[in-house]
Amino acid sequence: MSKPPHRLQSLIDRETIRKRVAELGREITDFYQGDPLTLMVILNGGIIFGADLARTIDLPLWLDSLRVSSYKGFGSTGRVEFSSMPKTPLDGRHVLLIDDIIDTGLSLQCVANEISRLNPLSIKSCVCFDKVEARIADGLPQADWIGFEVPNKYVIGYGLDADEYYRNRPDIAIVNNS
Ligand code: IMP
Ligand code: MG
């Protein structure tokens, strides 16, 4: 895949994302009823959403991360590679997995399987964007909290990249020449 410029078509603007993230934060705060929570941000895509969401959650919160990748260029490789694991103990803790987008669902399913071996009290997931139509049989069927459903197209911005570019865009856009 080439460097920018790509033909981009804005899909969801910054203010709409901000409002929805605040709603998700309220729902998550209400759900855990004051219990301690570990936000487990899946790097790199979950960084921007995770940072914004963390500040809308009013709970005793630990922030941790892990790194996986399943994508090369514009398509899923179908394999999920872990290159960094959580640093905090997860035993007996509520863990909320945070990712930018759920596509095939494979990454989140693999991460949930891996995290469940560490004996957490619960594992749930929250994604900013959901490509509902792209789910495969082996993938996590759905996330517990979803910001927005998006079409089954390649999108960038708000943490989502095209060859590492665009993660810093405050809105999300469809790449039309993908
Ligand atoms: P899944 O395992 O197929 O659900 O893919 C999830 C991961 O693929 C996400 O965490 C993203 O990093 C990446 N991904 C999926 N769709 C897109 C996209 O449209 N743009 C950028 N990255 C994507
Ligand atoms: Mg990712």
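The values are calculated or read from the model by the stated rules, or taken from the named source; none is laboratory data. Computed from a predicted model, the values in this text were never measured in an experiment. Note: ideal-geometry Cβ built from the backbone for every residue, glycine included; neighbour counts use all protein chains shown.
Annotations
- Scanning the range 137-160 for residues that are within 8 Å of ligand 1 (Cβ to nearest atom) and of a type in the set (Phe, Trp, Tyr) gives a single hit, TYR154.
- Every condition in (1) within 16 Å of ligand 2 (Cβ to nearest atom); (2) in contact with a Gly (Cβ under 7 Å, 6 or more places away or on another chain) holds for LEU59 except the one numbered (1).
- Residue tally, condition more than 25 Å from SER116 (Cα to Cα) and either of a type outside the set (Ser, Thr, Tyr) or at pLDDT below 95 (or both), over the range 1-47: 22
- Across the range 27-48, the number of residues qualifying as touching a residue at least 24 places away in the same chain (Cβ under 8 Å), more than 16 Å from ligand 2 (Cβ to nearest atom) and either of a type outside the set (D, E, K, R) or within 13 Å of CYS126 (Cα to Cα) (or both) comes to 8.
- Which numbered condition GLY105 misses (of (1) within 9 Å of ligand 1 (Cβ to nearest atom); (2) surrounded by fewer than 20 Cβ atoms within 10 Å (Cβ to Cβ)): (2)
- Some residue of the range 67-77 being farther than 25 Å from ILE12 by Cα, surrounded by fewer than 22 Cβ atoms within 10 Å (Cβ to Cβ) and more than 13 Å from the chain's Cα centre (by Cα): yes
- Residues satisfying the criterion are present in the range 88-102 (criterion: surrounded by fewer than 23 Cβ atoms within 10 Å (Cβ to Cβ) and hydrophobic (A, V, I, L, M, F, W, C)).
- The test for being within 14 Å of ligand 1 (Cβ to nearest atom) and surrounded by 12 or more Cβ atoms within 10 Å (Cβ to Cβ) does not hold for LEU39.
- Each residue in the range 90-105 was checked for being without any contact (Cβ under 8 Å) to a residue 60 or more places away in the chain, within 16 Å of ligand 2 (Cβ to nearest atom) and in contact with a strand residue (DSSP E or B) (Cβ under 6 Å, 6 or more places away or on another chain), and 6 pass.
- Subset tally (residues that are of a type in the set (S, T, N, Q) and in a strand (DSSP E or B)) for the range 11-53: 1
- Being within 16 Å of ligand 2 (Cβ to nearest atom) and more than 27 Å from ASP91 (Cβ to Cβ) holds for only one residue in ILE115, ILE156, and it is ILE156.
- Some residue of the range 126-138 being under 14 Å from MET40 (Cβ atoms) and buried (at least 18 other Cβ atoms within 10 Å of the Cβ): yes
- Restricting attention to the range 88-102 and to residues that are touching a Ser or Thr at 6+ places or on another chain (Cβ under 8 Å), in a loop (DSSP other than H, G, I, E, B) and not polar (S, T, N, Q), the residue that is nearest to ligand 1 (Cβ to nearest atom) turns out to be LEU90.
- Those residues of the range 18-37 which are out of contact with any helix residue (DSSP H, G or I) (no Cβ under 8 Å at 6 or more places or on another chain) and over 19 Å from LEU97 (Cα atoms), in sequence order: LYS19
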